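Right, one structure below, let's go through it.
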Amino acid sequence: MRTTRPRLVVVQVLILALFGTLLVRLWYLQMASGDTYREQAADNAVEDVIVQPQRGLIVDAMGRPLAASRSSWVVSVDRTKLGDLTESEQRQVLHRLADTLGMRYADVFGRSRMCGEPGAPQPPQCWNGSPYQPVPVAEDVPQDVAIAIQERSEDYPAVQATQQSVRAYPQPFGVNAAHLLGYLTPITANEYDRALADDDATLNAGSLVGRAGLERSYDRYLRGVPGQRGVEVDSLGRTIGAGPVTPPRPGDTLVTSIDARVQAIAERQLANAIHVARGTTDPVTGRNY
């Protein structure tokens, strides 16, 4: 009996010490470090979404738009989040997405692959842009389909549907001027790395970059500055509210010396001259030009 009592005292002391330690730890977490953990929890609940700016207009000397922008619902796949899923889960998500979009699974799968990686189709079916940005797999998606994907985000992990600004070429008077205007393609990984090194705020992983003509020569002025929108999400990634918004700054308007009416007439005359020449026999060779 005398031997048991000291042991009980030791056990009681140990239990009281454990409870004391837990109480002190609880006080530390809730009182001393509570604000810090609350800030971290708030940061984890808000997802920052890049808002792409509207690219600047290219107009002729009379103000007629030669290159403009329009809004389009775009469905994209985040390759980083998709890589966190098992291969079976990836196939299920892409199959479900293909059925929703009315596309073939092979097309959705191919568009989500980086060009050059195993299993990727040949360009332009594969993705040749930056590996850091969500890969667009469908554009001009009907609004009801895009909203359905947004509302059922738990069924479409790694998939996002957003309204984006896409390039359009109105062709006043039927003018083409493709050699003058140029074209756009997604930013490459090397260009994105250089932008980060140069602290260039006008470029991000989802930017489109001019590759020829006026789109390339005046790209820095046309592309604008991206904005940012905070989205509050729950543990399943579902949107539950809106956070702070930094609006994007649109690109500048480029006024050219081109007259769309004169350019259209010149293009039609050139096309007619080529058509006539191809049907005319060369007296030297005896063949058509």
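The values are calculated or read from the model by the stated rules, or taken from the named source; none is laboratory data. None of these values were measured; they are calculated from a predicted model. We place every Cβ from the backbone using ideal geometry, glycine too, and count neighbours over all the protein chains shown. The area values use the complete protein model at the heavy-atom level, side chains included, leaving out ligands, DNA and RNA. Shrake-Rupley method; radii C 1.70, N 1.55, O 1.52, S 1.80 Å.
Miscellaneous remarks
- Which numbered condition P123 misses (of (1) modelled with pLDDT of 80 or more; (2) farther than 18 Å from G206 by Cβ): (1)
- Looking only at region 56-72, and only at residues there that are open to solvent by 20 Å² or more (accessible area, probe 1.4 Å) and within 12 Å of P250 (Cα to Cα), the one that is modelled with the lowest pLDDT: S69
- Tally of residues being under 16 Å from the mean Cα position of the chain (by Cα) and outside any loop (DSSP other than H, G, I, E, B) across region 191-206: 2
- Qualifying positions in region 1-50 - within 31 Å of the chain's Cα centre (by Cα), modelled with pLDDT under 65 and not in a helix (DSSP H, G or I): none
- Qualifying residue in region 100-123 (condition: open to solvent by 70 Å² or more (accessible area, probe 1.4 Å), in contact (Cβ under 8 Å) with a residue 12 or more places away in the chain and in contact with a helix residue (DSSP H, G or I) (Cβ under 9 Å, 6 or more places away or on another chain)): no
- When E215 is tested against (1) modelled with pLDDT of 90 or more; (2) assigned to a loop (DSSP other than H, G, I, E, B); (3) surrounded by 15 or more Cβ atoms within 10 Å (Cβ to Cβ), only condition (2) is not met.
- Residue within region 134-155 that is under 30 Å from Q263 (Cβ atoms) and either among the basic types (K, R) or within 20 Å of the chain's Cα centre (by Cα) (or both) present: yes
- Annotation: of all residues in region 227-256 being out of contact with any Gly (no Cβ under 8 Å at 6 or more places or on another chain) and at pLDDT 75 or above, the one that is surrounded by the most Cβ atoms within 10 Å (Cβ to Cβ) is T256.
- Among the residues of region 200-211, those that are open to solvent by less than 30 Å² (accessible area, probe 1.4 Å) and either small (G, A, S) or in contact (Cβ under 8 Å) with a residue 60 or more places away in the chain (or both) comprise N204, A205, G206, S207, G210.
- Tally, over region 174-194, of residues that are open to solvent by 50 Å² or more (accessible area, probe 1.4 Å) and over 16 Å from R220 (Cα atoms): 7
- Some residue of region 146-165 being in contact with a strand residue (DSSP E or B) (Cβ under 8 Å, 6 or more places away or on another chain), open to solvent by 50 Å² or more (accessible area, probe 1.4 Å), under 23 Å from I50 (Cβ atoms) and modelled with pLDDT under 85: yes
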